[in-house]
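The values are calculated or read from the model by the stated rules, or taken from the named source; none is laboratory data. Treat the numbers as computed from the prediction; the structure is a model and nothing was measured. So basically every Cβ, Gly included, is an ideal-geometry build from the backbone, and we count neighbours across all protein chains shown. Just so you know, the surface numbers come from the protein's heavy atoms only, side chains and all, with ligands and any DNA or RNA stripped out. Shrake-Rupley method; radii C 1.70, N 1.55, O 1.52, S 1.80 Å.
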Amino acid sequence: ASTLGAAAAEKGRYFGAAVAANHLGESQYATVLDREFNSVTPENEMKWDTIEASRGSFNFGPADQIVNHAQGRGMKIRGHTLVWHSQLPGWVSNLQTATDVRNAMNSHINGVMAHYRGKIHSWDVVNEAFQDGSSGARRSSVFQQRIGNSFIEEAFRTARAADPAAKLCYNDYNIDDANAAKTRAVYNMVQDFKSRGVPIDCVGLQSHFNSQSPVPGNYQQNIAQFAALGVDVQITELDIEGSGTAQANSYRSVVNACLAVSRCTGITVWGIPDHYSWRASGTPLLFDRNYNKKPAYDAVLAALGGS
Ligand code: G3I
């Protein structure tokens with residue numbers, strides 16, 4: 001196979017990209033997206049502040065653009081994200097009681113998932129609910145402060161009922177190292193959910209890497225330890241700061257780690273050309289600003305068995 005998506009498919013995986021609706025009209029962008037990728041994740045368009053900026057009033061326009069583009073081309077769609085402390089409209093952050101936050105959270109999940117029912121392969125139901133550092137504690141958020149620890153399982157139960165066919169993922173960054181405190185905390189939560197029958201199907205390893213946080217040596221072991229809990233693992237927001245051979249080697253190691261674990265079902269890179277990356281000044285992606293394939297692209301394609 002000569003493209004990322006086709007090569008991944010031959011390995012039983014998908015290969016996706018984060019997509020921004022406002023770039024879809026750019027012909028080079030759309031050409032590379034349609035040629036190389038068989039899965040998309042809306043980069044911002046499904047976030048709460050876009051979809052439900054005011055209570056009970058849903059704006060699906062920007063996300064629908066991406067969903068329609070992907071559906072028309074047979075691509076999978078990852079939903080990102082239902083419950084997150086960031087990109088949250090003020091009306092949610094200002095809710096005062098547990099009942100109010102619970103009602104808002106469940107209505108949001110129900111409203112969004114009903115609109116996209118049957119179209120979304122996997123949903124990031126809860127995103128980034130744990131703190132960085134050594135505590136393993138939950139991050140402070142209006143959900144955590146008002147509802148407490150149970151907000152996560154409540155979100156997953158609501159999501160399962162709203163679209164029983166979608167895979168339900170917990171998604172986070174800095175959970176790539178098998179032994180990090182944050183990883184252990186998420187691992188323990190998933191283990192607890194599985195033991196109590198809380199509906200969870202997948203863990204998303206965002207995998208934003210740079211020189212301060214390179215691809216861990218135990219990354220494959222980490223994927224395997226989550227998979228052993230009985231969930232799929234998806235690499236959901238991959239980008240690796242750097243260039244040339246070093247960057248290519250890092251990308252290769254990520255792809256090889258995923259391919260080595262049968263329950264690692266797909267990889268999504270967090271953007272297409274470098275200049276649209278959230279890392280404004282960086283070059284963390286597979287295509288340069290002229291949409292040329294970088295050495296990292298060649299390494300990924302080869303690791304997937306393509307050429
Ligand atoms: O759309 C507005 C535009 O109208 C306004 O003029 C402009 C001025 O600031 O802002 C635009 O919104 C920006 C939006 O991206 C769309 O470009 C926001 O300011 C900016 O904060 C937002 O950044 C996004 C970021 O999440 C927000 O936290 C990035 O694009 C997106 O790549 C990034 O993605 C996150 C994942 O969702 C979760 N994991 C980490 C990852 C990287 O930070």
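What pairs from Lys11/Lys47; Lys47/Lys119; Lys167/Lys194; Lys76/Lys182 go past 23 Å between their alpha carbons? List each step's numbers first, then the result.
Working: Lys11/Lys47 31 Å; Lys47/Lys119 17 Å; Lys167/Lys194 14 Å; Lys76/Lys182 29 Å.
Beyond 23 Å: Lys11/Lys47; Lys76/Lys182.
Computed on segment 121-229, with alpha-carbon pairs under 8 angstrom and 6+ residues apart, the relative contact order is 31 percent. Based on Cα contacts under 8 Å between residues 6+ apart, the chain shows a relative contact order of 18 percent. Only the Cβ atoms of Lys and Arg (+1) and of Asp and Glu (-1) were treated as charged; on that basis the dipole of the chain about its Cα centre amounts to roughly 560 debye. Under the convention that each Lys and Arg Cβ holds +1 and each Asp and Glu Cβ holds -1, the size of the dipole of segment 1-112 around its Cα centre is about 320 debye. Across all directions, the average projected area of the convex hull around the alpha carbons of segment 152-307 is 9.8 nm².
Within the accessible surface of segment 1-144, defined with a 1.4 Å probe on protein heavy atoms only, the carbon and sulfur portion equals 44 percent. When you filter the trypsin sites (Lys or Arg not before Pro) in segment 220-307 for DSSP loop state and at most 13 other Cβ atoms inside 10 Å of their Cβ, you are left with Arg289.
Here's the picture: charge each Lys and Arg Cβ at +1 and each Asp and Glu Cβ at -1 in segment 45-111, and of Val83, Gln96, Gln71 the one pushed furthest to the positive end of that dipole is Gln71. Per the Debye formula on identical point scatterers at the alpha carbon atoms of segment 31-146, with no solvent, log10 I(q)/I(0) at q = 0.22, 0.24 Å⁻¹ is -1.20, -1.35.
Highest mean packing first, where packing is the average number of other Cβ atoms within 10 Å per residue, the peptides 84-91, 98-105, 10-17 line up as 10-17, 98-105, 84-91. Roughly speaking, what % of Cα-Cα pairs in segment 1-89 are separated by over 23 Å, rounded to a whole number? Of the Cα pairs, 28 percent sit more than 23 Å apart. Per residue, the accessible area of the chain comes to 37 Å² when a 1.4 Å probe rolls over the protein heavy atoms. With a Cα-only, solvent-free Debye model of the chain, what are the log10 I(q)/I(0) values at q = 0.11, 0.12, 0.16 Å⁻¹? Reported log10 I(q)/I(0), two decimals: -0.63, -0.76, -1.38.
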